[in-house]
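All remarks here apply to the structure that follows.
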Amino acid sequence: MEISCQFALYPLRQDDVGEILAEAALELDRLGISYQVGKMSTDIRGEEDQVFQALRHAFHSAASRGEAVLVASVSNACD
């Protein structure tokens with residue numbers, strides 16, 4: 001099932017936030033997920049497994065370096 005997701009990743013008290021966010025974008029590319037980076041969040045669209053895999057990777061990548069927050073809204077009803 002194709003779903004869409006709007007998510008924001010907040011690496012807390014970490015030195016290189018840009019590197020962490022860039023790594024999340026590289027994972028989206030690797031998974032072949034369509035995405036659009038905004039000023040406050042990123043919109044992604046893809047197969048359910050791909051989307052949740054990308055969210056998991058983004059969170060684990062940030063959390064492995066320190067504290068992190070990931071906020072996500074997932075829908076199967078958005079165009």
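Coordinate-derived values only; no laboratory data. Note that the structure is predicted; figures quoted are calculated from it, not measured.
Between the Cα long axis of helix 48-63 and the first principal axis of the chain there is an angle of about 10°, rounded to the nearest 10. The mean sequence distance of close C-alpha pairs (under 8 Å, at least 6 residues apart), as a share of the length of the chain, puts its relative contact order at 53 percent.
Both radii come from the Cα set of region 32-73: Rg as radius of gyration, Rh as Kirkwood radius; their ratio Rg/Rh reads 0.97.
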